[in-house]
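Peer 1: Quick one: the structure is below, questions incoming.
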Amino acid sequence: MSQTYGIEAPRRPAPDDEQPPVRFLVLIHSASSAQRLARLFLQDRRQVAELDAGAPEVMMMTDSLAPSRSAWQAEWDLALAGHSAAERAEAEVYTLDL
């Protein structure tokens with residue numbers, strides 16, 4: 001008989017299941033939702049999260065960092081494919097410390 005009373009403990013992730021640290025934060029307008037989004041990307045520019053750019057967490061992540069206007073560059077083509085050229089040109093890209 002199990003001693004968990006029907007509630008199993010969550011599985012601990014294996015060391016190789018851990019996600020690498022987030023490297024980029026992109027603040028970009030989205031015409032489809034009429035709001036500004038904060039999109040988090042890994043070093044290889046795979047998106048791992050998306051949230052409202054007005055969230056307090058976003059302000060904490062960008063505090064004391066200077067953005068670049070590099071979302072129009074070719075390395076962002078696949079990651080930001082759903083955004084227009086104008087949205088990408090106005091986007092702010094923050095490189096987060098590892």
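The values are calculated or read from the model by the stated rules, or taken from the named source; none is laboratory data. Quick caveat: nothing in here was measured; it's all calculated off a predicted structure. Virtual Cβ from ideal backbone geometry, glycine too; neighbours counted across all protein chains shown.
Peer 1: Which strands (runs of 3 or more DSSP E) does region 1-60 wholly contain that include 1 or more residues that are among the aromatic types (Phe, Trp, Tyr), modelled with pLDDT of 90 or more and at negative phi?
Peer 2: Counting at least 1 such residues, we get 24-30, 35-41.
Peer 1: Just to verify a result, which residue in region 52-98, among those that are closer than 20 Å to Ala31 by Cβ and touching a residue at least 60 places away in the same chain (Cβ under 8 Å), is surrounded by the fewest Cβ atoms within 10 Å (Cβ to Cβ)?
Peer 2: Glu90
Peer 1: The conditions are (1) of a type outside the set (Gly, Ala, Ser); (2) modelled with pLDDT under 95; (3) not in a loop (DSSP other than H, G, I, E, B), and His83 fails exactly one of them. Which is it?
Peer 2: For His83, the failing item is (3).
Peer 1: Give just the number: which of (1) surrounded by fewer than 12 Cβ atoms within 10 Å (Cβ to Cβ); (2) more than 14 Å from the chain's Cα centre (by Cα) does Ala49 not satisfy?
Peer 2: Ala49 satisfies every listed condition except (2).
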